[in-house]
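To start, the structure under review is shown below, and the notes come after it.
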Amino acid sequence: KAVIPSGSHMKGWCHVWWDSLTILPVQHGRVAPLAQPPCGRASAVHTAATLRLLNLPLLSSDIISTVEFNCSGELLATGDKGGRVVIFQREQESKNRLLSRGEYNVYSTFQSHEPEFDYLKSLEIEEKINKIRWLPQQNAAHFLLSANDKTIKLWKISERDKRAEGYNLKDEDGRLRDQFRITTLRVPVLMPMDLMVEASPRRIFANAHTYHINSISVNSDYETYLSADDLRINLWHLEITDRSFNIVDIKPANMEELTEVITAAECHPHQCNVFVYSSSKGTIRLCDTRAAALCDRHSKFFEEPEDPSSRSFFSEIISSISDVKFSHSGRYMMTRDYLSVKVWDLNMENRPVETYQVHEYLRSKLCSLYENDCIFDKFECCWNGSDSAIMTGSYNNFFRMFDRNTRRDITLEASRENSKPRAMLKPRKVCTGGKRKKDEISVDSLDFNKKILHTAWHPKENVIAVAATNNLYIFQDKIN
Amino acid sequence: MFSKGTKRKFSDGDEEISDESLVGARVASSYSLQRQSLLDMSLIKLQLCHMLVEPNLCRSVLIANTVRQIQEEMTHDGSWHMVTEAFCGPGQSPSERLVATEVLCRSREQDAEPKLFSVISYEGCREEEVVADETLCSVSVSDTVSNVCLAGRVGQCWEKSELSGVERDEEALEDSRLDSGEDEEIDTEDGASTESPKTTGQVFGTFEIKNGSPGPDSALEELFSDVDTSYYDLDTMLTGMQSAPKMGPYDLLDSLAPSHSSPSIVSTPTCRSDLNELDHIMEIIVGS
């Protein structure tokens with residue numbers, strides 16, 4: 001019997017979805033085309049039920065490439081390889097339900113990026129959404145930034161639930177009225193209508209990145225944001241699309257000397273002049289935009305000294321940082337490399353304060369993982385709202401959570417077989433050698449095609465979103 | 001890690017070896033074999049990734065660093081020399097031989113890396129478009145540029161996107177793309193003279209398309225000697241396209257291998273169909 005460690009987020013996690021109608025998680029890209037709902041909540045349920053019947057096969061364009069909660073947690077955005085964005089909205093809590101927690105339904109779907117062709121280089125520019133970041137909400141509409149390899153777009157998502165009726169110049173169908181027929185003048189009246197959610201692109205920030213964009217991050221001043229590619233970081237103003245400031249440039253004069261690239265970047269959550277960027281050599285640089293216009297000289301340099309006993313030809317590759325995230329407090333930051341997650345105190349540069357092994361059992365398999373390219377997988381990581389726990393993904397649709405206070409960890413699996421609604425998730429364990437216990441899975445049986453690269457944690461509650469290839473799973477912790 | 005032990009000799013074991021050193025040698029040889037296979041794997045990955053559409057720069061850098069690491073260690077070991085001999089032997093597939101000799105025939109100080117990338121300057125090319133690329137490079141004739149294009153610059157692989165990179169405001173983007181491409185090509189003329197013309201010249205997307213007069217280079221002379229204007233004819237074009245062979249990554253390298261010895265283009269009929277295909281593509285793009 002598995003013992004669930006204590007700690008509120010370490011207690012049972014269960015799969016939350018709509019009603020008992022839906023057993024399958026939403027197949028990401030299929031929501032909109034199948035049934036175009038006018039986007040009420042009931043219609044989303046209908047869509048999901050339809051999906052279950054159809055049992056659609058996997059399309060590579062449906063592979064989820066990014067997951068992000070908005071600042072309140074009410075909305076959850078996902079981007080996929082086909083350039084689409086699907087936004088889920090949390091249902092208002094209902095007193096009729098046994099579980100008072102709301103569930104997430106489809107709120108809006110739109111095509112954010114289209115495939116492009118760079119005629120000069122004769123190369124396709126992938127429409128895959130690399131990152132989505134929400135802007136803090138300032139009015140009734142919601143804004144998000146979505147980025148593919150080359151272009152960032154600011155989208156406005158707004159609701160419309162009223163329609164003006166009684167126009168003078170056109171009739172209800174929209175056709176122009178014959179002017180001779182207009183004998184009286186009337187004031188149009190706003191009538192309620194079915195809720196419609198519209199997404200419209202408000203800004204397009206293009207042509208500023210030679211290399212592939214890997215990160216975008218909204219600054220705490222709510223006016224600027226940064227975008228990072230392999231060699232450069234640009235600072236944008238949200239209102240200005242025709243220029244951006246280049247604040248980091250690590251491109252060597254002689255490209256033959258290139259040995260390090262930027263892998264991720266993020267703005268500090270509170271200090272609008274501070275940002276960090278990570279590299280493929282496992283280093284993090286913290287920069288202050290007040291110091292110089294071009295922040296090539298870092299203010300702080302974070303690197304853990306290498307352990308000489310574990311040095312191998314793969315040491316550099318597995319030290320490459322795939323994600324960097326500030327804690328909500330702004331005091332810490334977390335980095336994800338291939339085998340571990342590290343928590344750094346911004347005041348200490350020479351080593352992390354905490355290191356968590358995600359799947360240390362893979363260390364002996366690095367050669368095979370290099371051969372099948374899995375060693376280059378870029379896993380993301382995330383904090384919970386209170387910074388007491390961190391989460392990251394692994395293979396075989398496993399994802400891991402670590403409690404920083406109790407130092408306990410748990411491995412869970414996002415899979416259809418285990419996701420009866422409201423059923424508790426069973427902790428999983430990988431057997432590293434010797435006798436395999438019941439319910440354990442051996443390292444060689446892991447499915448390396450099922451990787452969880454993208455996870456997100458609700459900013460306030462214990463609700464998590466986990467993207468497993470083309471499926472999105474939403475889990476919440478069990479209410480007693 | 002395994003201890004290095006005694007150097008393994010490639011000649012087989014006629015010699016008598018004591019038990020202890022045999023074990024040591026086995027351990028060492030096992031390590032060498034592993035290291036060698038890792039090197040081979042890395043080189044192949046680099047070749048392949050330069051064949052694909054817009055290769056992942058981070059991945060390429062990491063693999064290249066791994067290769068450099070192995071090479072450094074092997075050089076310190078002294079086993080680099082032995083590998084050279086082994087690779088230059090018969091029975092290797094042309095592509096491997098090509099890469100190996102490219103890599104190994106340079107001393108370490110000259111940084112084997114540029115040679116490495118010289119063979120794989122196809123960054124950004126798609127497989128099916130490679131044929132057109134080859135021709136594209138050959139067609140690009142501007143007196144100052146042609147030699148340089150064919151000679152190319154080592155390390156062009158990284159330069160692929162840089163040549164169309166944004167160096168200034170994007171109003172000037174279109175200008176700057178061609179400008180920077182031109183400038184960089186011209187600047188590196190001297191640095192690349194040792195490169196084999198075919199291998200390094202074929203960097204994508206850096207050339208202006210110009211009709212007509214061949215440059216002074218003898219390769220271009222040969223290229224154009226057999227070309228007639230019938231390739232502007234639609235029928236010929238379509239025929240040409242159909243007969244243009246699809247080339248996989250190693251086929252391409254095969255076609256490069258002969259160019260080591262002679263500067264001539266591989267086959268003129270292929271070339272003509274390449275030109276046809278190129279023209280067809282250009283028509284689509286320009287929308288004539």
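What the table below lists for this structure:
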quantity	calculated
For residues of B:62-69, the mean tally of beta carbons on other chains within 10 Å	5
Ranked A:M348, B:M41, criterion: other C-beta atoms within 10 Å, fewest first	A:M348, B:M41
Hz values of 3J(HN,Hα) by residue in the range A:404-410 - Karplus curve (6.51, -1.76, 1.60), Gly and Pro given as x	6, 7, 8, 6, 8, 9, 9
Order of A:D173, B:D279, A:D221, B:D77 - criterion: other Cβ atoms within 10 Å of each residue's Cβ, fewest first	A:D173, A:D221, B:D77, B:D279
Hz values of 3J(HN,Hα) by residue in the range A:257-268 - Karplus curve (6.51, -1.76, 1.60), Gly and Pro given as x	8, 5, 10, 9, 10, 7, 10, 7, 8, 8, 7, 5
Cα→Cβ-extended label distance, 7 Å offset, between A:K450 and B:T75, nm	4.6
Relative contact order of the range A:110-214, defined on C-alpha pairs under 8 angstrom at six or more residues apart (%)	27
For A:K121, A:K170, A:K156, order by how many other beta-carbon atoms lie within 10 Å, fewest first	A:K170, A:K156, A:K121
Shielding by partners - mean other protein chain Cβ count within 10 Å, residues of A:172-182	0
The range A:110-156 - percent relative contact order, Cα under 8 Å, separation 6 or more	29
Average partner coverage of A:308-315, which counts Cβ from other chains inside 10 Å	3
In order through the range B:64-70: 3J(HN,Hα) via Karplus (6.51 cos²θ - 1.76 cosθ + 1.60), integer Hz, x for Gly, Pro	4, 5, 5, 4, 4, 4, 5
Residue pairs, from the table A:K131/A:K450; A:K365/A:K437; A:K281/A:K429; A:K156/A:K251; A:K131/A:K438, whose Cα atoms sit over 28 Å apart	A:K281/A:K429; A:K156/A:K251; A:K131/A:K438
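Here, each number is a calculation from the coordinates, and none is a lab measurement. Treat the numbers as computed from the prediction; the structure is a model and nothing was measured. Heads up, the Cβs are rebuilt from the backbone with ideal geometry, glycines too, and the neighbour counts pull from every protein chain shown.
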